[in-house]
Amino acid sequence: MNIDFANLQKHYLLYKEEIDTAVHAVMEKCNFIMGEEVIQLEEELANYAGVKHAITCSSGTDALQLSLMAIDIAPGDEVITTPFTFIATAEMIAHLGAIPVFVDIDEATYTIDPTKIEAAITPKTKAIIPVSLYGQCADMDAINAVAEKYHLIVIEDGAQSFGATYKGKKSCGLSEIGCTSFFPAKPLGCFGDGGAVFTDNDRLAEKIRSLRVHGQSKRYHHRYIGIGGRLDTIQAAVLLVKLRHYECDLSMRQTVAHHYDTVLSSKYPIPFIAPEYTSAYAQYSIRVQNRDVVQEKLKSAGIPTAVHYPMPLHLQECFTYLGYRVGDFPVCERVSKEIMSLPMNPFLSNEEIAYISHKVIECLG
Ligand SMILES: *Cc1c(COP(=O)(O)O)cnc(C)c1O
């Protein structure tokens, strides 16, 4: 058997007619920049996430950057986040001259441990960026409560969790600002780079819209120093089609995850999804000893795997100047040595899931 990790091709073929029609319409109209599809997508994204404003942009990374710029993060400010995430989360903090301050993760969910946040707060702290890792939100109520006490802004990095729920509310609508990514392999992916920022705050929404187009207030008048961060109309057209089918895609992902759970759980600790949470299952990740060996064995059985993420951010070369050391975040360091993602996409058949699971159990036994 030869398993496809993300199966993007199957996804395209499933909605091919609708997507081709939508993309062709943009090409006919040549409204490539900020076309009506972008405006419509923003309305539908906001409705979907249950927030007042969705501002699309050129990537999840830019969504984070725009959010931090909108709340005036400046050199010397501190922003608390998790060391167990994709680099972009901390990178955008550092990019603005601010200081990423890491806090260890919870061993069950792999998201930032809210009980450890307070100890990391200083007079310079301005914001907290929890990451909804693998598709599951962090404990946002607990994080919002700490933030409120110290007048901090919470930006959810929901790049992996669009569509996930937390106590009945949707990811990206759980704090002052939410960010997501439409990178092709994310649960809601476009055909290139894309992202969005979500907020209920009218003032922040207006500022983010302006920052996205070079800080423009009206054409060629620039109120802020911004970025060129728009989403292409063609990507918006693709996303409008995919969003229409997204609930179905999500439930297919969840069904795949539950099948994995059923086969693996008798032998193995399966991903822990907290009660009152649902995951968008950007990844289905389990912990293994001797990961290199297991990955190699699975590879020779036609099963691709991946590691999200092999090196914690506090130990990355680019962050040497922050002065962290091995041992600073023991949970994150332990998990990063053991974590391994199995193929995850809406189209894995029961037969494929059974095959993968049994091979995994074989490797571990
Ligand atoms: C993918 C990802 C990003 C960056 O999104 P891009 O669209 O690739 O720029 C940021 N944070 C997390 C947690 C991600 O998984």
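The values are calculated or read from the model by the stated rules, or taken from the named source; none is laboratory data. All of these numbers come straight from a predicted model, not from anything done at the bench. Note: ideal-geometry Cβ built from the backbone for every residue, glycine included; neighbour counts use all protein chains shown.
Tell me, which residue of the stretch 157-180 that is more than 10 Å from the ligand (Cβ to nearest atom) and small (Gly, Ala, Ser) is farthest from Ile39 (Cα to Cα)?
If we filter the stretch 157-180 for residues that are more than 10 Å from the ligand (Cβ to nearest atom), which is where we start, we get 162-178.
Okay, now just the ones that are also small (Gly, Ala, Ser), so 163-164, 168, 171, 173, 175, 178.
On the way: Gly163: 20, Ala164: 23, Gly168: 27, Ser171: 21, Gly173: 19, Ser175: 23, Gly178: 18 Å.
If we take residues in the stretch 157-180 being more than 10 Å from the ligand (Cβ to nearest atom) and small (Gly, Ala, Ser), then Gly168 is farthest from Ile39 (Cα to Cα).
Given Ala74, Ala88, Ala142, Ala70, which one is at pLDDT 95 or above, surrounded by fewer than 24 Cβ atoms within 10 Å (Cβ to Cβ), in contact with a helix residue (DSSP H, G or I) (Cβ under 6 Å, 6 or more places away or on another chain) and farther than 22 Å from Gln316 by Cα?
Working: Ala74 fails: in contact with a helix residue (DSSP H, G or I) (Cβ under 6 Å, 6 or more places away or on another chain); Ala88 fails: farther than 22 Å from Gln316 by Cα; Ala70 fails: surrounded by fewer than 24 Cβ atoms within 10 Å (Cβ to Cβ).
Selected residue: Ala142, the only one of Ala74, Ala88, Ala142, Ala70 that is at pLDDT 95 or above, surrounded by fewer than 24 Cβ atoms within 10 Å (Cβ to Cβ), in contact with a helix residue (DSSP H, G or I) (Cβ under 6 Å, 6 or more places away or on another chain) and farther than 22 Å from Gln316 by Cα.
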- So Cys332 clears everything in (1) surrounded by 13 or more Cβ atoms within 10 Å (Cβ to Cβ); (2) out of contact with any strand residue (DSSP E or B) (no Cβ under 6 Å at 6 or more places or on another chain) except one condition, right? Which one? (2)
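When you go through Tyr268, Tyr220 one by one, which is the residue that is surrounded by 15 or more Cβ atoms within 10 Å (Cβ to Cβ) and among the aromatic types (Phe, Trp, Tyr)? First the steps, then the outcome.
On the way: Tyr220 fails: surrounded by 15 or more Cβ atoms within 10 Å (Cβ to Cβ).
Every option except Tyr268 fails the conditions.
Can you tell me which residue within the stretch 194-206, out of those that are away from the ligand (no atom under 16 Å from the Cβ) and either out of contact with any Lys or Arg (no Cβ under 9 Å at 6 or more places or on another chain) or outside any helix (DSSP H, G or I) (or both), is nearest to Glu156 (Cα to Cα)? Break it down into steps so the answer makes sense when it comes.
Restricting attention to the stretch 194-206, the residues satisfying the condition of being away from the ligand (no atom under 16 Å from the Cβ) are 199-206.
In the following step, the residues that additionally are either out of contact with any Lys or Arg (no Cβ under 9 Å at 6 or more places or on another chain) or outside any helix (DSSP H, G or I) (or both) were identified as 199-201, 203-204, 206.
Numbers: Thr199: 11, Asp200: 13, Asn201: 15, Arg203: 18, Leu204: 15, Glu206: 19 Å.
Checked the stretch 194-206; the qualifying residue nearest to Glu156 (Cα to Cα) is Thr199.
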- Find all pairs meeting these conditions: Cβ atoms under 6 angstrom apart; at least six residues apart or on different chains; first residue within the stretch 264-280 and more than 16 Å from Leu342 (Cα to Cα); second residue modelled with pLDDT of 95 or more and part of a strand (DSSP E or B). Tyr277/Tyr166; Thr278/Thr165
- Query: Here is a list of conditions, (1) among the acidic types (Asp, Glu); (2) without any contact (Cβ under 8 Å) to a residue 12 or more places away in the chain; (3) exposed (fewer than 15 other Cβ atoms within 10 Å of the Cβ), and Glu247 meets all of them except one; can you say which number that is?
  - Reply: (2)
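Starting from residues that are outside any loop (DSSP other than H, G, I, E, B) and hydroxyl-bearing (Ser, Thr, Tyr), keep the ones in the stretch 319-353 and report whichever is farthest from Glu91 (Cα to Cα). Full working, then the answer.
Applying the first criterion (outside any loop (DSSP other than H, G, I, E, B)) to the stretch 319-353 yields 319-322, 330-342, 350-353.
Remaining after also requiring hydroxyl-bearing (Ser, Thr, Tyr): 320-321, 336, 341.
Values: Thr320: 13, Tyr321: 13, Ser336: 19, Ser341: 23 Å.
So, considering only residues that are outside any loop (DSSP other than H, G, I, E, B) and hydroxyl-bearing (Ser, Thr, Tyr), the one farthest from Glu91 (Cα to Cα) is Ser341.
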- Item | Only listed residue being under 12 Å from the mean Cα position of the chain (by Cα) and surrounded by 21 or more Cβ atoms within 10 Å (Cβ to Cβ), chosen from Val79, Val131 | Val131
- Message: Checking the structure you have, find out if any residue of the stretch 35-58 is within 16 Å of the ligand (Cβ to nearest atom) and either within 20 Å of Ala142 (Cα to Cα) or among the polar types (S, T, N, Q) (or both).
- Response: yes
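Only one residue in Phe183, Phe191 is in contact with a Pro (Cβ under 8 Å, 6 or more places away or on another chain) and either within 16 Å of the ligand (Cβ to nearest atom) or in a loop (DSSP other than H, G, I, E, B) (or both). Which one? So that I can check it myself, show each step before the final result.
Working: Phe183 fails: in contact with a Pro (Cβ under 8 Å, 6 or more places away or on another chain).
Matching residue, one of Phe183, Phe191: Phe191.
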- Task: State yes or no: is Ala205 surrounded by fewer than 23 Cβ atoms within 10 Å (Cβ to Cβ) and either out of contact with any strand residue (DSSP E or B) (no Cβ under 8 Å at 6 or more places or on another chain) or not polar (S, T, N, Q) (or both)?
- Result: yes
